[in-house]
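Heads up: the structure comes next, in structure tokens.
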Amino acid sequence: MFKIKNEGTADRILRVALSLVFFEGAFYMLSGWWQIVFYVLGFVMLITALTGFCLVYKIFGWHTNKNAEIGVGAEQDKK
């Protein structure tokens, strides 16, 4: 789906685990607005884990994937 994967394997596994925590917390412990917030957070974490792409990482130029493509700023630093 996304050509650029900026998340490493450990990061993706952690995101799946956190999404399960958010879903379980929303289902069993919370109600009202907090329940909605936890469902949304769980959904976002799960989608980013499945795609391997995090928009926040892209905005800040971060990556945990060792095979990530080098950005323009990094190429300029090498010169």
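Every number in this text was worked out from the coordinates using simple rules, so none of it is lab data. Computed from a predicted model, the values in this text were never measured in an experiment.
Descriptive notes on the structure:
- Over the range 9-68, Cα pairs under 8 Å with separation of 6+ residues give a relative contact order of 40 percent.
- Gain in span if fully extended, residue 44 to residue 16, counting 0.36 nm per residue against the direct Cα distance: 9.1 nm
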